[in-house]
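Could you have a look at this structure, given as structure tokens, before my questions?
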Amino acid sequence: MRFEEAFQGWSGGRLTQAEAAMLLGQCERSFRRHVERYKADGLEGLLDKRLSQISKRRAGPAEVDQVVRTYKSGFAGWNVAHFHSKYRSEFKGVRSYSWVKTVLQGAGLARTAKRRGKHRIKRERAPLVGMMLHQDASTHRWVPEQVWDLVVTMDDATGEHTSMFFCDQEGTASSFHGLGQTIARYGLFASLYSDRGSHYFLTPQVGGKVDKTHLTEVGRALKQLGIEHIAAYSPEARGRSERAFQTHQGRLPQELARAGITTMDGANRYLEHTYRAGHNREFCVASTLPGTAYVPFISGSLPDILCEHHERTVGNDNSVSFEGLSLQLPADELRHHYVRAKVRVHRYVDATLAVFHGPRKLATYDAAGHAATTKEVLRAAA
């Protein structure tokens, strides 16, 4: 029923105040208040006056224009989430992500997100820090005219990136480098989750199960360190690291371009000193359980574990043949020669070499097979 009809019925004595209020679906107090407004201003008095008021929090045209100009001048092509983080941190903006997104979409600077497909149930995170780490790589054009691999090691419980760096191509050396950085910073962790790349696992049949009896160099090192190695059998199984790489591909090229970085050395310095810490602050989550599964590494030489091991037999000239190089063993006070002795060649992450007989290091060499000087040996040990 319209208010005018109820008012006329009440004013004409055909309806009581309670009956008129009941017909309008309101209480008697509200009816009396509306009667007073109707008598004073007619039907306009019944309108909610708040509808004509402009919110004090509403952004003015100048603020909207400033956000649009900021985006165009230094952040064109950036996704909204990435720009919003810079808007809040560098420009001290106070508006929400949704507000910034609406402004940029209204200006035709941001695309509307595509409708997502059926949601896939996510695997639960490890409950404790250090219980399981991921290691994976993403090949991408991170700077103009340069395609590199970004190798990331991350904690499953929190998403924290414990190591990230660029290299020409992922492989055994890059895996050792990421593991070495992580262990040096945090300690030994319980397990590593990775794809079935040839440097991680041997797979007798394409698409089949991995062979855990014949280990790769990475597998041997993890076993020596007491770290369980878990194989992922599909990209979806590595969803957490895949989503992290989507974020990096959407942000890192723009940040490197903004910083004027075009070389791998410069990009790795930026990752180490700026980007990794910022990413961890923004995206890390709290672990389910307090405490940590990391334990200190206290036994042996970590670089001599996280390197390639190759068995060789010393030749009649007291030298070791290794991939086209002749590694001449120096004179030794303990024995005249090592002819026909079984030795072990270590190839380190930086491609330098060393020859071991049992636990004893006999000599070190540069990548070209030249024996290192005493100063070089001491510097490497330090």
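Give the range 133-178 a look and list any residue that's assigned to a loop (DSSP other than H, G, I, E, B) and either outside the structural domain of residue 267 (by TED's automatic domain parsing) or within 20 Å of residue 277 (Cα to Cα) (or both), or say none.
The initial filter retains those residues of the range 133-178 that are assigned to a loop (DSSP other than H, G, I, E, B), namely 144-145, 156-160, 168-171.
Correct list: 156, 157, 158, 159, 160.
Has the range 192-212 got any residue that is part of a helix (DSSP H, G or I), modelled with pLDDT of 95 or more and either out of contact with any Gly (no Cβ under 9 Å at 6 or more places or on another chain) or closer than 24 Å to residue 124 by Cβ (or both)? Lay out the reasoning, then the answer.
Here is the first cut: in the range 192-212, the residues part of a helix (DSSP H, G or I) are none.
Looking through the range 192-212, none of the residues is part of a helix (DSSP H, G or I), modelled with pLDDT of 95 or more and either out of contact with any Gly (no Cβ under 9 Å at 6 or more places or on another chain) or closer than 24 Å to residue 124 by Cβ (or both).
How about the range 177-191: which of its residues are buried (at least 16 other Cβ atoms within 10 Å of the Cβ) and either touching a Gly at 6+ places or on another chain (Cβ under 8 Å) or of a type in the set (Val, Ile, Thr) (or both)? Full working, then the answer.
Taking the range 177-191 first, the residues buried (at least 16 other Cβ atoms within 10 Å of the Cβ) are 177-183, 186, 188-191.
Within the range 177-191, 182, 183, 186, 188, 189, 190 qualify.
Any idea which of 239, 208 is in contact (Cβ under 8 Å) with a residue 40 or more places away in the chain, out of contact with any strand residue (DSSP E or B) (no Cβ under 8 Å at 6 or more places or on another chain) and farther than 21 Å from residue 346 by Cβ? Walk me through it before giving the result.
Values: 208 fails: in contact (Cβ under 8 Å) with a residue 40 or more places away in the chain.
Only one candidate passes the filter, namely 239.
Shifting gears a bit: Just give me the residues in the range 329-353 being surrounded by 16 or more Cβ atoms within 10 Å (Cβ to Cβ) and over 23 Å from residue 177 (Cβ atoms), in sequence order.
Residues satisfying the conditions are 329, 338, 341, 343.
Suppose we keep only residues that are surrounded by 13 or more Cβ atoms within 10 Å (Cβ to Cβ) and of a type in the set (S, T, N, Q) within the range 265-287. Which one would you say is farthest from residue 226 (Cα to Cα)?
Per the stated criteria, the residue is 268.
Quick one: count up the residues across the range 336-365 that are of a type in the set (Phe, Trp, Tyr) and farther than 13 Å from residue 301 by Cβ.
Taking the range 336-365 and keeping what is of a type in the set (Phe, Trp, Tyr), we get 338, 348, 356, 365.
When the remaining residues are screened for being farther than 13 Å from residue 301 by Cβ, the result is 338, 365.
The qualifying residues number 2.
Among the residues in the range 229-243, are any touching a His at 6+ places or on another chain (Cβ under 9 Å), modelled with pLDDT under 95, more than 23 Å from residue 189 (Cα to Cα) and among the polar types (S, T, N, Q)? Walk me through how you get there before you give the answer.
At the first step, the residues of the range 229-243 found to be touching a His at 6+ places or on another chain (Cβ under 9 Å) are 232, 238, 240-241.
Now narrow it down to the ones that are modelled with pLDDT under 95: 232, 238, 240-241.
Those left that are additionally more than 23 Å from residue 189 (Cα to Cα): none.
Within the range 229-243, none of the residues are touching a His at 6+ places or on another chain (Cβ under 9 Å), modelled with pLDDT under 95, more than 23 Å from residue 189 (Cα to Cα) and among the polar types (S, T, N, Q).
Just to be sure before I move on: is residue 327 under 27 Å from the mean Cα position of the chain (by Cα) and in contact (Cβ under 8 Å) with a residue 24 or more places away in the chain in the structure I sent?
On the way: under 27 Å from the mean Cα position of the chain (by Cα): no; in contact (Cβ under 8 Å) with a residue 24 or more places away in the chain: yes.
So residue 327 does not fit the description; no.
To continue, here is another question. Looking at this structure, is residue 126 crowded, with 20+ Cβ neighbours inside 10 Å, at pLDDT 90 or above, part of a loop (DSSP other than H, G, I, E, B) and not assigned by TED's automatic domain parsing to the domain that holds residue 239? Let's see the steps before the verdict.
Values: crowded, with 20+ Cβ neighbours inside 10 Å: yes; at pLDDT 90 or above: yes; part of a loop (DSSP other than H, G, I, E, B): yes; not assigned by TED's automatic domain parsing to the domain that holds residue 239: yes.
Yes: the conditions hold for residue 126.
The values are calculated or read from the model by the stated rules, or taken from the named source; none is laboratory data. Bear in mind that the values here come from a model prediction, so they are computed numbers and not experimental data. Neighbour counts run over all protein chains shown; Cβ positions are idealised from the backbone, glycine included.
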